[in-house]
1. Net charge within 10 Å of G557 by Cβ-Cβ distance, Lys/Arg positive one each and Asp/Glu negative one each, not counting G557 itself?
2. Could you give me the ³J(HN,Hα) list for the range 87-103, computed from phi with Karplus coefficients 6.51, -1.76, 1.60 and θ = phi - 60°, whole Hz, x at Gly and Pro?
3. Can you compute the FRET efficiency between H322 and L405 using 1/(1 + (r/R0)^6), with r the Cβ-Cβ distance and R0 = 51 Å? Round to the nearest 0.05.
4. Residue farthest toward the positive end of the dipole of the chain, with Cβ of Lys/Arg at +1 and Asp/Glu at -1: which of C489, I439, L359?
5. Would you mind calculating the relative contact order of the range 1-136 from Cα pairs under 8 angstrom and at least 6 residues apart, reporting the percent as a whole number?
6. What percent do you get for the relative contact order of the range 4-273 when only Cα pairs under 8 Å and 6+ apart count?
7. Dipole magnitude of the range 4-273 about its Cα centre, charges +1 at Lys/Arg Cβ and -1 at Asp/Glu Cβ only, in debye to the nearest 20?
8. What does the charge add up to near S86, with Lys and Arg as +1, Asp and Glu as -1, over the other residues with Cβ less than 12 Å from its Cβ?
Amino acid sequence: MPNLLAMSFEGTLAPSLDLLCLDGQRPPPDGWGVGFYPGEEPAASVIKEYAPPGQSLRQELVKAWQHLASSVFVVHIRKAQWGALSDANTQPFLRSHAGADWLFAHAGSLDSPLAPAEDATFEAVGTTDSERVFCHLMSRVAAAGWRRIVDFDLDRVLGWLRALDEQGSMSLVWTDGLDVLAYADAHREGQLYLWSRFPPYNGLPFGDGDLAVDLFRRGITSQRGLLICSEPLEQAGGGARWETMAPGELVIAREGIIRLRVGGQTTPAGRASVPGPPAPVHVEPQTLRVRHRTVYTYEQPVERSMHLLRLTPVTDRLQRLHQHDLRVSVPGRWRDYDDVFGNHCRRILCEQPWQTLVLESEAVVEVLDTDPLLYRPLRARTRFPLVWMPWQHQALQPFLMPQELPESQLLALTDYAMSFVRRNDGDLVDTLLDINWTIFKEYRYVQGTTTMHTSAWETFTDRHGVCQDFTHLFITLARLLGIPARYVCGYLYLGPEALNLAQAAATHAWVQLYLPELGWTGFDPTNGVMTSTSHVRLAVGRNALDTTPTGGTIYRGGGGELLTVSVQVERA
């Protein structure tokens, strides 16, 4: 039987918790409790029961109640060592501090209960050692002036926990509703285990003979999560990958992501943070030569066709076009113009029969986007929510409408987008860098599994795709957060020793976000970086269909089509 289970997930999760230990066929536990934060508010709810009867009504509540939804859960099943069987002695315990409810659950027991300090801000209601430990820690937090776990001086907190550890088993979970802190006993008197879960999931429940957890009984989700448990639980069909926390280790997680790991026997003062997005750095301008060749071949001659080409790179303050040559193998009448998005286009009407069409573009471009963020004005708005002036909102409207999807999918994607906001304390740039980096780290680049019509929702749930899919997902998340976003088609220079030849040998896609006082700023979720002097912009639009380099209509003839595209980018 697991004594303690805590869960932290991206966005809201509505799991089903089946307390099999209350089936009436075996001795029940001394008590159980579930703490969570409904509505993502700082106010916690705790459902608990001491000396539970078999098939209790509260057990059915946590199994089927649809309002049991949160991004943080703390579950405790009690086997009493200190204190009577009462509601006051049943975990998890709750205390309010600095405008938020804090939850605490202890997976062990001290050799003797702590004596309450005379100047303690928080006092125990019951008689358990666990609640006294909680009040002792909360009183120290209040005395230090900390309002959230993010404010903690972790060296001091680790020192407090190590001192308490000398008095008995000290494995515990402690949360303020946003961050979840877990500490593993330094003397192996009760261990804690971690399971980082990544979508897509198999949807199967996990547990043991006393507890079954079904994360998806009330709807399939696609959210990353972290589980912390006092005993490894098995998943139906296998697949559970538990990691044992090091003795004396302290872990802090937020929105399903481990943000910091401190301590452990081998490195008492060690500290390791999970690698995050790289900070943009200054780079030098560079001049690139791009060769783009597209060949259309048809089974039957094409007698009449119209073609639309967007093969002229952009010219503006961050990119200069020094030379461009466009060759079309089939003669026809043509006209150049700028489309509604400002892209340079060429429309060609071919009225002579042809069976193979070769389009060749060669350009020399100087890229000057050397400081993606370093020139940010001091007064730039950097926090949510973003507010646009009425004329700005009108001009940006095409880039604020998310992809047309069912409402349930948009709500889930909004929840996913907001998890990044909460994880980064509402900071605009940190949130966007986190989304960019997460798509790069957690979504697999797989060719041939998606199409032009693959939706952002499908990419979100399947967690794979190509640059086009990752760009559409990022655009949808940004627009749901009120950030104007547009699709960019262009070229990527990866250097002579590029590992991902699939990206280097074709057109590339990324997103530009319109940020206050910064303007259109590029993010490349396929590579987890901000765009700079290795990205050559070709065309922009609302989505991929607005930016295709080549397209057109066949009015007569054709049949089966064979299309080949090759791109070569090198330093000029």
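1. It works out to a net charge of 0.
2. After applying 6.51 cos²θ - 1.76 cosθ + 1.60, I find 4, 5, 9, 9, 8, x, 8, 10, 9, 9, 7, 6, x, 8, 8, 10, 10 Hz.
3. 0.75
4. L359
5. 26
6. Averaging sequence separation for qualifying contacts and normalising by length gives 22 percent for the range 4-273.
7. For this selection, approximately 560 debye.
8. -2
Throughout, read-outs are computed from the coordinates displayed, never taken from laboratory work. Given the structure is predicted, the values throughout are model-derived calculations rather than measurements. Don't worry about glycine lacking a Cβ; one is built from the backbone with ideal geometry, like all the others, and counts go over all protein chains shown.
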